[in-house]
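Encoded as structure tokens, the structure appears first; notes follow it.
What follows is calculated from the coordinates using simple rules that are stated; it is not laboratory data. All values reported here derive from a predicted model rather than from experimental measurement. With ideal geometry, Cβ positions are generated from the backbone for all residues, glycine too; neighbour counts draw on all protein chains shown.
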Amino acid sequence: MTSRRRSFIRKIIYVCCLVPLVFLLYWLGSPRTIDTAGAKGSPGGVLAQIRTEEKIEQVHLGKIDPASESLRLAMLGMRGIAANILWTKSIEFKKTKDWTNYSATLNQIIKLQPNFIEVWRHQGWNLSYNCSAEFDDYRERYRWVIRGIEFLQLGTQYNEREPRLLRDIGWSIGQKIGRSDERVQFRRLFKDDDIFNKDIPRSRRDNWLVGKEWFRKAERLIDSGDASARGREMGPLVFRSQAPMSQMNCAAALAEDGIFGERLKNEWRQAAKDWEDFGRFGIRTSTDIVVQLGQFERLVAEQQSLVRELDSLAPGVREKLYQDRFSQLTDEQRDAWATPESQRSPEQRAAAAQASALLQVFPHEVERNRDVPRENRPKAREVLTQIEKLDEQLRLTNSYRQVVNYDYWKLRADIEQEEGMLSARKNVFQAREALAKGDLPGALAGFDEGSRAWARMLHEYPMLMSDKATSDDIEDLLEEYGRALDQCDQLFAPDFALAPFVRFQVEDNFKRARIRLDLAKALEAEAAGDLATAANFQEKALESWKTLLADVPSLEQASDRQVTEEILATIRKYADTVRKIDRPISDSFLLHGFVRVQMEHDPQTRLAQEAIESGQMAAEDGKLEAAQKAYEQAFTLWREVLDRYPTVLADSTVGEELIALIDQYRELLEQRKEEMPKEFILQDVVERYGQ
């Protein structure tokens with residue numbers, strides 16, 4: 001066979017192979033066509049039918065952009081490379097703050113990748129959070145925040161089945177506008193933004209409420225079953241909590257804006273309803289168990305009922321097991337268990353916890369006990385199975401509740417509707433307004449009323465003491481109240497209403513246990529006659545007090561007189577100890593500032609200062625004898641002050657002031673031809689600062 005003949009045969013074979021491939025490609029990839037007036041549409045090839053069934057055709061994903069489709073076809077498979085180049089350029093334009101080219105580059109990226117969700121999410125965040133931070137003017141920052149949100153809204157047009165974009169819009173409107181440092185200005189600009197909020201009544205133009213509606217849109221899309229697969233995979237626990245939390249944040253923001261009365265109460269009422277609805281929503285866990293956060297109490301009651309039923313099937317078994325274990329406790333554990341919880345020492349609390357763990361009788365121990373009647377064992381096993389299933393459901397429910405802090409927000413929504421809480425927030429707000437205007441009497445009165453209202457709420461709901469959000473609110477109140485008192489040269493009143501809260505903050509601080517431990521060791525060293533070691537442990541306790549004062553700064557202004565006196569007692573004990581071992585108190589004593597504030601507001605100090613002023617006026621009038629008596633009276637009072645605050649002697653600020661007064665007294669004696677007393681009452685001050 002000639003070579004020409006062989007070449008011809010190969011060509012025939014190629015053509016024969018190509019013909020079925022063409023039919024195969026048509027069968028697989030022919031596009032779908034729609035029905036028209038003149039012809040019936042075709043479902044298309046296999047791939048087209050799969051795209052239709054899975055709803056991943058462009059018509060199902062969202063808006064079709066002819067320019068985008070043309071650009072993607074023109075790339076001839078190079079779309080990925082082009083997109084990477086544009087992403088790199090966008091980063092460079094952002095670094096050089098070339099915002100015009102940056103915006104243009106983003107528009108080119110979305111033409112190439114309109115259905116790549118991360119493009120929209122990343123760049124929307126970038127515009128609202130990163131680019132906006134590059135500007136100094138808050139109005140320009142706000143415009144870039146809105147530009148990022150509008151970018152995400154544009155993305156929803158091309159990706160109508162993507163709930164993640166809807167959620168991101170809700171998050172940006174709520175959190176970026178409502179949590180920024182410029183939130184006061186941002187919220188005002190958002191309310192006045194007639195372009196962005198053109199379809200929203202002004203009365204509902206709260207960023208949190210608008211954000212909540214976007215979260216609801218995402219929820220409705222998922223519930224409809226039309227959401228994308230990735231969108232349906234969003235964690236339901238946190239995602240479903242975001243809409244009710246937006247309602248909570250709206251109500252809290254209204255209080256910060258000074259809006260009270262029925263409007264605020266209604267918003268909190270709606271927040272409580274939204275949170276209850278969230279508690280009824282079934283959340284499927286990773287173990288395929290559906291939990292409802294609001295059903296925890298019902299599950300607990302059901303479990304207790306089953307435990308009682310199990311005990312009735314095994315009469316006396318639980319009590320017998322309990323008594324056997326109780327007999328095995330140590331004497332320390334028994335004493336701690338018998339001591340009321342409020343009266344237990346730290347060591348007893350630890351022993352009581354051990355006893356509680358040892359005394360616990362589990363259901364499976366009851367069911368497997370040999371004393372269970374034989375005829376009741378099948379039923380007992382059945383009840384135990386139900387208890388174990390409930391245990392797992394309770395564990396998951398409780399775990400999920402803790403993730404979203406379910407109990408706190410449920411309680412918060414209910415409490416905030418009460419007149420007492422509304423009164424507390426209103427009084428504090430009015431006090432802040434008065435302080436900003438320089439109205440100190442009005443500010444002090446408002447802070448005092450607000451403190452009393454808060455104290456009543458804490459007394460009624462003691463669990464709020466340990467809540468961080470509540471603690472932050474009250475700490476802000478204490479800081480501003482303290483600033484107003486400082487301007488009036490006052491301390492907190494001896495019967496300050498929030499003193500129990502301050503004491504709780506102190507007792508809840510881990511440094512408190514360290515202080516007790518160091519002081520206990522100091523007492524042991526003192527009892528053994530080792531005063532140097534006792535002084536060292538007292539210094540450690542004072543160092544801990546110093547750091548604790550930084551955590552609870554209102555203590556410096558005596559927000560809790562009981563704790564303040566305890567600190568002063570520790571200081572006096574330390575001063576007495578170092579005096580006995582002839583160790584001088586350091587000029588850099590840690591608590592000089594704290595002691596000075598207490599001393600300056602002591603009535604004895606005020607009397608001493610008044611006596612000095614009286615002596616100075618008498619000396620100016622030439623009444624030298626009266627001036628001398630006034631100075632000597634003042635020095636007697638100062639002696640009492642120095643004895644009450646022994647570390648003040650090492651405070652150079654106070655020492656130099658006293659030396660100046662002593663010098664005035666010496667000049668007064670010279671004018672009267674008299675000498676300084678040999679046993680001068682403030683001789684220790686003279687010896688330390690006289691040079």
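Listed values, structure above:
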item	result
In the stretch 412-479, the trypsin sites (Lys or Arg not before Pro) that fall in loop regions by DSSP, at most 13 other Cβ within 10 Å	Lys437
Only Lys, Arg (+1) and Asp, Glu (-1) charged, at Cβ; the stretch 418-484 dipole about Cα centre in debye	140 debye
Label-point gap, in nm, between Ser103 and Gln487 - each point 7 angstrom along Cα→Cβ	4.4 nm
Label-point gap, in nm, between Asp643 and Leu18 - each point 7 angstrom along Cα→Cβ	11.8 nm
Selection of trypsin sites (Lys or Arg not before Pro), the stretch 601-649, meeting DSSP coil and at most 15 other Cβ within 10 Å	Lys623
Farthest toward positive dipole pole in the chain [+1 Lys/Arg, -1 Asp/Glu at C-beta], among Asn197, Ser103, Asn249	Ser103
Whole-Hz ³J(HN,Hα) from phi, Karplus 6.51 cos²θ - 1.76 cosθ + 1.60, for the stretch 329-335, glycine and proline x	5, 6, 4, 5, 5, 5, 4
Radius ratio Rg over Rh of the stretch 418-484, counting only Cα atoms, Kirkwood formula for Rh	0.98
Amide H within-cut-off set for Leu329, under 5 Å, with H built and near neighbours excluded	none
Calculated FRET efficiency for the pair Leu25/Asp192, C-beta based, R₀ 51 Å, to 0.05	0.30
Scattering profile of the stretch 506-583 at q = 0.12, 0.21 Å⁻¹ [log10 I(q)/I(0), Debye over alpha-carbon scatterers]	-0.33, -0.90
Note, ³J(HN,Hα) from phi for the stretch 500-509, Karplus 6.51, -1.76, 1.60, rounded to Hz, x at Gly and Pro	x, 5, 4, 5, 4, 4, 5, 5, 7, 7
Charge context of Met248, other residues only, Cβ under 11 angstrom, K/R +1, D/E -1	0
Mean shadow area of the stretch 253-297 over all directions, Cα convex hull, nm²	4.4 nm²
Radius of gyration, Dmax [the stretch 66-234; alpha carbons; angstrom]	16.8, 52
Trypsin sites (Lys or Arg not before Pro) within the stretch 104-210: DSSP coil, no more than 16 neighbouring Cβ in 10 Å	Lys198
Charge tally in the Cβ shell below 12 Å around Ala469, where Lys, Arg are +1 and Asp, Glu are -1, Ala469 excluded	-4
Positive-pole candidate from Gly80, Leu444, Tyr631, dipole of the chain, charges at beta carbon	Gly80
Over the chain: helical MRE at 222 nm, DSSP H runs n ≥ 4 each giving -39500 (n - 2.57), nearest 500	-23000 deg cm²/dmol
Share of pairwise Cα separations in the chain, more than 49 Å, in percent	46 percent
Length added when fully stretched, Tyr322-Tyr138, from 0.36 nm per residue minus Cα-Cα	59.6 nm
Cα-centred dipole magnitude for the stretch 200-351, charges only on beta-carbon of K, R (+1) and D, E (-1), debye, nearest 20	720 debye
For the stretch 300-320 and the stretch 511-587, distance of Cα centres in Å	52 Å
Local electrostatic count, Leu568, Cβ distance below 13 Å [Lys/Arg +1, Asp/Glu -1]	-2
Karplus-derived HN-Hα couplings along the stretch 664-678 (A = 6.51, B = -1.76, C = 1.60, θ = phi - 60°), whole Hz, x at Gly and Pro	4, 5, 5, 5, 5, 5, 5, 5, 8, 6, 10, 9, 4, x, 5
The stretch 391-517: C-alpha pair distances exceeding 20 Å, %	53 percent
Extent along principal axes [Cα atoms of the stretch 147-261; Å; largest to smallest]	43, 29, 25
Cβ charges +1 (Lys, Arg) and -1 (Asp, Glu), total dipole of the chain, debye	6000 debye
Lys pairs, the stretch 422-560 - Cα-Cα below 26 angstrom, 8 or more residues apart or on other chains	9
Rg/Rg_globular for the stretch 309-390, with Rg_globular taken as 2.2 N^0.38 Å and Rg from C-alpha atoms	1.35
